[in-house]
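The values are calculated or read from the model by the stated rules, or taken from the named source; none is laboratory data. Source: prediction; values computed, not measured. Reconstructed Cβ throughout: ideal geometry from the backbone, glycine too, with neighbour counts over all protein chains shown.
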Amino acid sequence: MNLIESFKISIKALAANKARAALTMLGVIIGVSSVILLISIGSGVTKEVTGQLEGLGSNLIYVMPGNYEEMMSGNAAAYSGAMLGRQFTVEDVNAVETQISDKAYVTPYIENSARVVRGTNNTVSTVLACGGNVGDVMDLKFSEGRGYTRSEVMGSARVVVIGTEVKKTLFSGIDPIGEEVKINNQRFRVIGVDIEHGGGMMSGGQDNAVSMPYTTAQNLFNSSNINAIMVKAKNPDDMSYIEMRVRQILRPDYGTDFSVFSQDQLLGIMGTMMSVLTYMLAGIASISLLVGGIGIMNIMLVSVSERTREIGIRKAIGARTWDILAQFVIESILLSVLGGAVGIALGALGALAISRVLTTSVTAWSVTLAFGFSVAVGVFFGVYPAWKASKLDPIEALRYE
Amino acid sequence: MTVAPRTERIEDASRDSAQPVSGGSGDGGGQRAVLEVRSVSKVYQISEDVQVHALREVSLAVHAGDMLAIVGPSGSGKSTLMHAIGLLDKPSSGQVLVNGTDVTDMSGNELARVRNREIGFVFQSFNLLPRTTALDNVALPLIYAGVGAGERTRRARAALERVGLGQRMDHAPSQLSGGQQQRVAIARALVTEPSIVLADEPTGNLDSKSGIEVMAFLQELNSQGITIVLVTHDAKVAAHAERVVTLVDGTVTSDKQLDVSDRVSAQRELEELV
């Protein structure tokens, strides 16, 4: 007997028990779709985060408080140290800037959050604040208006550039340039609108951010802290020299309690963290796929014992061991493959639905993985019941009531 | 129902076939044995020191064109013998030959192939696949014989027409009467053109009229040259055969050729019923 005949027999058997087949497949469907969905979220976030880092411009060096290298090596004490590391001050930024100004642009960086209000509308935004030469360090683009100037930074001017989401929330259908908003109850004048970065909620919130001079932000939050120092090499060849110089300048004051990353390193670190997150999500989802597989095995075992007599008849009239084995293995593979296909479709649809709030990216490898895994589940969990069926003694099987 | 128009042929055939068989009685002469068992024994080990001898040194040859009945009370070993003849079970000792080929040492898969080609089974409880049309049930052995789909359908149709169920091909077993189901089973047994049709209590689950119809049918097939081995506990059923082998306690106690006058014609019984 050839495989096509085995297929036909298996399809007929499944069609005879449609509800049961559908419910069995449901386990695999849920497993596969959750694998696809969770991986798509993980990959989407990874793509978004790395895209944003890249979008900031090239040849960047980030200087942050805390010892990230030790944190990355898994030292828990270092981890909390990094989180609570001693913050930089404007003096540190100036020290770095004066010593390497021939080779690089240097700007302080502050990140915080605040409530932005206009009339009855309000939103909680990320506040991003840099120095007057921010345009030299990062590639800034504005869809409307302009960025803040050096003199506005010097004068702690209460001016703000808003992200597209903020504009949408507070200024629907109105030109925001020159309008007033309140940030933490202080009045600010809108001078520009950032271009749209896309990516929604998990994008680090660039579209939902407002930018202002760092001096203004220090006043706003009543803090002299600088969260990071951003350095941009004028010539890419100087990157390692600049890194070394920055370390030299800060070491006397901070010891090892600060970290210097080039953009490539940061991308690498983020990439590693994100893939760990993605694999973790995939792993959790795989558990449900495993449960689905056990469901298949369960139903196949029931099916084999229900059809003992049928197996006896088939064997008596000439079915070989292999014919029976193939019939039942194909049946379980069909269940898992159909379940896998539906699961992929549902997972992709789910990813599409979620992409309204979260960046998702259905990758080819996740589809391949989920599908391959579901086929493997079908074979793995189908072989034992099929083997049991194929080993039945025809005389016993024919006697079975 | 389709048996009626064939009345004359059956009676003619039974008279004709009686001649050579009675002539060749006794040793079986130069007739070809389609199936032969030689000193077959079957021992079941129930527990460490309890053995049951289901068959003791049974020898039997079935010749082409025979209609042979194996009779015996329950526990006589006739089921065990049928399983050995049907290649469903291996004897503890002795040999089984199909068309002169020793199949005793064949593997399970090789036996499956021989069963598929040489033996057609008719069971007491029909053993048709449920929820499967008569046509598909009859075509089933051909699937395992590797026959292509078109050819399968053609041959299954022919077999069903031969048993008079040409109008019931698309009916599932549950939509057929017991007698009709048994005829589907007979069609399934015939479709591979086996050397031998093995019928195990073929009338056991049928009312007496359907039972007689099935016997008439088997007699007609035999008159057309098909070798039939009938396994039954019922002497009345066995009386339809040409040759009756009696089994008691795993041993053949008698093996006799029935005289034409003793042999019951199921067709005549049917006529008497009406």
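Taking residues in region A:1-23 that are facing another protein chain (nearest Cβ under 10 Å), and partners anywhere that are of a type in the set (A, V, I, L, M) and surrounded by 20 or more Cβ atoms within 10 Å (Cβ to Cβ), the pairs with Cβ atoms closer than 6 Å and at least 6 places apart or on different chains are A:Met1/B:Ile143; A:Glu5/B:Ile143; A:Ser6/A:Ala326; A:Ser6/A:Ile330. Would you confirm whether or not region B:89-96 contains a residue that is within 12 Å of another protein chain (Cβ to nearest Cβ) and not in a helix (DSSP H, G or I)? Yes; the residues of region B:89-96 include at least one that is within 12 Å of another protein chain (Cβ to nearest Cβ) and not in a helix (DSSP H, G or I). Within the option set B:Glu213, B:Glu220, being surrounded by 23 or more Cβ atoms within 10 Å (Cβ to Cβ), modelled with pLDDT under 95 and away from every other protein chain (no Cβ under 14 Å) holds for one residue only, B:Glu213. Within region A:353-401, the set of residues being loosely packed, with under 15 Cβ neighbours inside 10 Å, more than 14 Å from chain B (Cβ to nearest Cβ) and not in a helix (DSSP H, G or I) comprises A:Arg356, A:Val357.
Name the residues in region B:224-261 that are surrounded by fewer than 18 Cβ atoms within 10 Å (Cβ to Cβ), without any contact (Cβ under 8 Å) to a residue 60 or more places away in the chain and over 11 Å from B:Val71 (Cα atoms), would you? Of everything in region B:224-261, those that are surrounded by fewer than 18 Cβ atoms within 10 Å (Cβ to Cβ), without any contact (Cβ under 8 Å) to a residue 60 or more places away in the chain and over 11 Å from B:Val71 (Cα atoms) turn out to be B:Lys256, B:Ser261.
Looking only at residues of region A:165-183 that are crowded, with 18+ Cβ neighbours inside 10 Å and either out of contact with any Pro (no Cβ under 6 Å at 6 or more places or on another chain) or among the aliphatic types (A, V, I, L, M) (or both), we find that the one that is nearest to A:Phe221 (Cα to Cα) is A:Ile183. Every condition in (1) surrounded by fewer than 18 Cβ atoms within 10 Å (Cβ to Cβ); (2) within 14 Å of chain A (Cβ to nearest Cβ); (3) under 30 Å from B:Ala172 (Cα atoms) is met by B:Ser107 except one, and the failing one is (3). Which residue out of A:Met230, A:Met300 is more than 29 Å from the chain's Cα centre (by Cα) and buried (at least 21 other Cβ atoms within 10 Å of the Cβ)? From the options A:Met230, A:Met300, the qualifying one is A:Met300. For region B:127-151, filtered to residues that are within 9 Å of chain A (Cβ to nearest Cβ) and assigned to a loop (DSSP other than H, G, I, E, B), the residue that is farthest from the chain's Cα centre (by Cα) is B:Arg131.
The criterion of being basic (Lys, Arg), out of contact with any His (no Cβ under 8 Å at 6 or more places or on another chain), more than 14 Å from every other protein chain (Cβ to nearest Cβ) and part of a helix (DSSP H, G or I) does not hold for A:Lys315.
Just to be sure before I move on: is A:Lys167 at pLDDT 90 or above and in a strand (DSSP E or B) in the structure I sent?
no
Scanning region A:88-103 for residues that are modelled with pLDDT under 90 and in a helix (DSSP H, G or I) turns up nothing.
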